[in-house]
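Reading through the structure tokens given below for one structure.
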Amino acid sequence: MHIDIVSVLPELLESPFAHSIMKRAREKGILSVEVHHLRKWAVNAYGQVDDYQYGGGAGMVMMCEPLVNAIEELSAKRSYDEIIYLTPDGETFNQKTANYLSLKENLLLICGHYKGIDERVREHFVTREISIGDYVLSGGELPAAILVDAVGRILPGVLNDETSALFDSFQDNLLAPPVYTRPAEYRGWKVPDVLLSGDPKKIADWRHEMSVKRTEERRPDIAD
Ligand code: ADE
């Protein structure tokens, strides 16, 4: 999968893909991520990419021209399955959307700033608008990093243990069960006996039971 990201703050996106699972995905050639500085398509030598909003009001708006030129130049090189604008008024991102996007070949992510981007870019170019939650961040870079991480880690071959993503919280509309590691007893707090039993069927049943219980207690809204 290839992901292009257009941003006015590309520095914010240097670290998130340079470590751990994302690093491995890129090194294995399963995921490539390219961050493009919007100022490359600025309307003048001052690097202008935003302007005052029509109708008045505080806050700048990202202009059509740089964004459209960026989208058209990048689209000439790749055919995007989705052009995604990260915005607090988009559909709320979840595991289902991450799963869906992980099946795509090429994605283009647009990071907004200030008051957002000119509505005409949304109307004519953006195919999907995604929010990472009901709160407002100062830009779309961290949301873009979250989306790439959630999508990248479930690409086949990225995780060492291929099955492990299947047991993540939210796959199958269930939260993950509790996990424990050594020692088997710490300050008198014991690991549940069943996990030390060596009986795979019993362990699987217990984990499922815990997942269901946890989901009913904490997230009844997602329980089947
Ligand atoms: N940009 C600012 N806040 C955001 C959010 N919650 N989700 C996506 N993009 C954003």
Residue match in the range 60-67 (condition: closer than 16 Å to Glu119 by Cβ and in contact with a His (Cβ under 7 Å, 6 or more places away or on another chain)): yes
Cβ pairs under 6 Å, 6+ apart, first in the range 107-128 and assigned by TED's automatic domain parsing to the domain that holds Leu86 and modelled with pLDDT of 95 or more, second within 11 Å of the ligand (Cβ to nearest atom) and part of a loop (DSSP other than H, G, I, E, B): Cys111/Gly140; Gly112/Gly140
Qualifying residues in the range 110-127 (those that are within 18 Å of the chain's Cα centre (by Cα) and surrounded by 17 or more Cβ atoms within 10 Å (Cβ to Cβ)) - the one nearest to Asp4 (Cα to Cα): Ile110
Cβ pairs under 8 Å, 6+ apart, first in the range 9-24 and in the same structural domain as Ile146 (by TED's automatic domain parsing), second open to solvent by 70 Å² or more (accessible area, probe 1.4 Å): Leu12/Leu142; Phe17/Lys23; Phe17/Arg26
Among the candidates Asp193, Asp199, residue that is outside the structural domain of Gln95 (by TED's automatic domain parsing) and open to solvent by 70 Å² or more (accessible area, probe 1.4 Å): Asp193
Residue within the range 61-71 that is within 16 Å of the ligand (Cβ to nearest atom), surrounded by fewer than 20 Cβ atoms within 10 Å (Cβ to Cβ) and in contact (Cβ under 8 Å) with a residue 60 or more places away in the chain present: no
Hits in the range 67-116 - residues which are over 30 Å from Phe170 (Cα atoms) and of a type in the set (D, E, K, R): Glu72, Glu73, Lys77, Arg78, Lys115
Of residues in the range 112-165 being among the aromatic types (Phe, Trp, Tyr) and within 16 Å of the ligand (Cβ to nearest atom), the one farthest from Ser102 (Cα to Cα): Tyr114
Qualifying positions in the range 1-35 - in a strand (DSSP E or B) and open to solvent by 20 Å² or more (accessible area, probe 1.4 Å): Ser32, Glu34, Val35
Test: residue in the range 39-51 that is touching a residue at least 40 places away in the same chain (Cβ under 8 Å), away from the ligand (no atom under 16 Å from the Cβ), in contact with a Gly (Cβ under 8 Å, 6 or more places away or on another chain) and not β-branched (Val, Ile, Thr): no
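The values are calculated or read from the model by the stated rules, or taken from the named source; none is laboratory data. No experiment lies behind these values; they were computed from the predicted model shown. Neighbour counts are summed over all protein chains in view; Cβ atoms, including those assigned to glycine, are modelled from backbone coordinates with ideal geometry. SASA here: full protein model, heavy atoms, side chains in, ligands and nucleic acids out. Shrake-Rupley method; radii C 1.70, N 1.55, O 1.52, S 1.80 Å.
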